1. Under 14 Å from the Cβ of ARG309, count the other residues' Cβ atoms, weight Lys and Arg +1, Asp and Glu -1, and hand me the total.
2. By the scheme Lys and Arg +1, Asp and Glu -1, what is the net charge of all other residues having a beta-carbon under 12 Å from that of LEU271?
3. Expressed as a rounded percentage, what relative contact order does the range 258-312 have, with Cα pairs under 8 Å and six or more residues apart?
4. Distances longer than 13 Å among the Cα atoms of the range 258-312: what percent of all pairs is that?
5. Run the quick spin-label model on LEU259 and GLN225: label points 7 Å from Cα toward the beta carbon, then report their separation in nm to one decimal.
6. Quick check on my link table: of LYS75/LYS278; LYS258/LYS311; LYS103/LYS256, which ones sit more than 29 Å apart, alpha carbon to alpha carbon?
Amino acid sequence: MDIFAQRARTQEGKLQVELAQLKYLLPRLGGQGTALMQQKGGIGLRGPGETKLEYDKRRLRLRISKLEKEIEQVKKERGLRRERRGQIPLPQIAVVGYTNAGKSTLLNALTRQNAVYADDKLFATLDPTTRRVRMPAGGEMLFTDTVGFIQKLPHSLVSSFRATLEETTFADVILHVQDASSPARPRQADTVRRIITELGAQQTPVIDVFNKTDLLSPARRALLQAQNPAAALISAGQGLGLTSLLEKVEEAAARKWKLRRLSLRPDQLGLLGKIYEKAIVTGRQEKPSGALELTLMATDGNYNSLLKRLKLH
Ligand SMILES: Nc1nc2c(ncn2[C@@H]2O[C@H](COP(=O)(O)OP(=O)(O)OP(=O)(O)O)[C@@H](O)[C@H]2O)c(=O)[nH]1
Ligand SMILES: [Mg+2]
């Protein structure tokens, strides 16, 4: 719990940690009423006929309900942020995996910015962090870092932990980063897969990313790849295998973000703005007739809504 508190960097993380600590304390207050009173000495007044213990408990309950309201507010704001991000017509990639697998290191290597905090300790990342990444084929995608999974999470923190993983359910592709050098990898991977399913994201394509392959012998690397032909073997630390990983991401995303064509009559050109909002335009060609031919990447949903608008126009 203390490790979590020290590393809780987001506002929501801090609120959740305090809430968890108070909820932990409340039922255990029995014999400690006096101690708490002494600690907080002098603040507020006890009601008539109220024991010190009752008074402490009342104050704790007040604080707990205030925290719960604040957390509700922060959740709303996070929903809004995600909605805004969802309006950007770029494929969304969620980077998930066990703690210490190298997710933040991978994101840093991909963006070559050091804006994402990478650290060896538990929960180096508490707030999901999104980065724009340029892809080999020339497009861009949004990669979101998430909090690492751990086996034994204090029960009271499970919900805040899950909340940050909601990102996963909105992703077009999930990167499941695994520490290939750890003997615990298969067990950890099972835990992560179970949680992905529990979150309801089992339909989303998952790419297994075996990281830290710089720590493996060539023979073990070859065996791992032979046993997992679809997996991407990388070393985020040394920047190896990243292009091939991004190509796999493009391939997986292309199942949802398909390449399509649209042709606009001159009187439909007013809809161009809408099209750029809903799709990634990769090519435009003007025809002698004055029509505009577009090649673009879009999801079925966005493409169909664009077609409907063009027909109505
Ligand atoms: N040898 C080696 N070490 C790596 C590699 N990638 C990451 N590491 C190290 O592994 C540790 C954990 O990396 P992070 O990127 O913080 O891991 P994370 O998955 O983001 O962890 P959480 O945020 O706790 O979930 C750090 O000490 C990294 O330097 C790699 O490719 N090779
Ligand atoms: Mg991290």
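1. Net charge around ARG309: +3.
2. Numbers: positive: ARG265, LYS274, LYS278, LYS308, ARG309, LYS311; negative: ASP267, GLU277.
Cβ neighbours under 12 Å give a net charge of +4.
3. On the way: 74 pairs, mean separation 24.6, N = 55.
After rounding, I find 45 percent.
4. Taking all Cα-Cα pairs of the range 258-312, the fraction more than 13 Å apart is 54 percent.
5. 2.6
6. Numbers: LYS75/LYS278 26 Å; LYS258/LYS311 21 Å; LYS103/LYS256 24 Å.
As for pairs spanning more than 29 Å Cα to Cα, there are none.
Bear in mind these aren't lab numbers, they're just calculated from the coordinates by the rules spelled out. Remember, predicted model here, so these are calculated numbers, not experimental data. Cβ atoms come from the backbone with ideal geometry, glycine included; neighbour counts cover every protein chain shown.
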